[in-house]
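Here the structure comes first, spelled out in C-alpha cells, and everything after it is commentary.
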Amino acid sequence: MDEFHRILRPNGIVALTTRSRQFLDVCEALKQQNVTGYAKAMSEIFGDFDAARERYDRGEFVHSNIDGVSGGGAMNASFYGETFIPEEYARTAYAEKFHLETFLYDPARQTHPIMVFSKKSDV
C-alpha cells in the first residue's frame, strides 16, 4: 500500500482483490477430497481453519504463504501467498493514506471481494 501511495496522484484510485471468508470453507473442504498440487496446498493453507475464520471475523489480516501457494519462481513466499482481507481491516488499516471507497462482494456474482481505495489528497 505504501508503494501505491507513492505512485498515485492525489485522489488517484487503486482497485485490489482479496480472498473471501467463504473461500476458507472451500479450502477446508478440499481436505475431504483426493487432491494434489495447488488444491492440496490450499487444503493445508491453515493448520486450524476455525482460528483463521475467527481472525477474519475479528477484522484481522489473514495470510498464508506455505509451500505450494506462494507461487514459486519470482513469486516467492517473501511477498506472495493467499490473503484474506476483511472489510473492517481494509477500512481502518490504510486509513491514514487511503479512503476505502467501496468493498464489493456478492458471492452470487463474484469469487473475490473487490476493494477500491482512493489516495487521500492531504497526505
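Among the criteria (1) crowded, with 16+ Cβ neighbours inside 10 Å; (2) without any contact (Cβ under 8 Å) to a residue 24 or more places away in the chain, the one PHE4 does not fulfil is (2).
Working only within region 17-40, note down all residues that are of a type in the set (Val, Ile, Thr) and either under 24 Å from ALA108 (Cβ atoms) or in contact (Cβ under 8 Å) with a residue 60 or more places away in the chain (or both).
THR17, THR18, VAL26
When VAL14 is tested against (1) assigned to a helix (DSSP H, G or I); (2) within 22 Å of THR111 (Cα to Cα); (3) modelled with pLDDT of 95 or more, only condition (1) is not met. Among the residues of region 74-82, is there at least one that is modelled with pLDDT of 90 or more and out of contact with any Leu (no Cβ under 8 Å at 6 or more places or on another chain)? Yes, there is a match, as at least one residue in region 74-82 is modelled with pLDDT of 90 or more and out of contact with any Leu (no Cβ under 8 Å at 6 or more places or on another chain). Candidates GLU44, GLU60: the one that is modelled with pLDDT of 95 or more and not assigned by TED's automatic domain parsing to the domain that holds SER121 is GLU60. Would you mention how many residues in region 73-113 are outside any strand (DSSP E or B), more than 16 Å from the chain's Cα centre (by Cα), within 23 Å of ARG6 (Cβ to Cβ) and not assigned by TED's automatic domain parsing to the domain that holds ASP57? Matching residues across region 73-113 total 3. Of the residues in region 72-86, at least one is in contact (Cβ under 8 Å) with a residue 40 or more places away in the chain and β-branched (Val, Ile, Thr). Every test in (1) touching a residue at least 40 places away in the same chain (Cβ under 8 Å); (2) closer than 14 Å to VAL69 by Cα; (3) among the small types (Gly, Ala, Ser) is passed by SER43 save one, and that test is (1).
The values are calculated or read from the model by the stated rules, or taken from the named source; none is laboratory data. This is a predicted model, so every value here is computed, not measured. Reconstructed Cβ throughout: ideal geometry from the backbone, glycine too, with neighbour counts over all protein chains shown.
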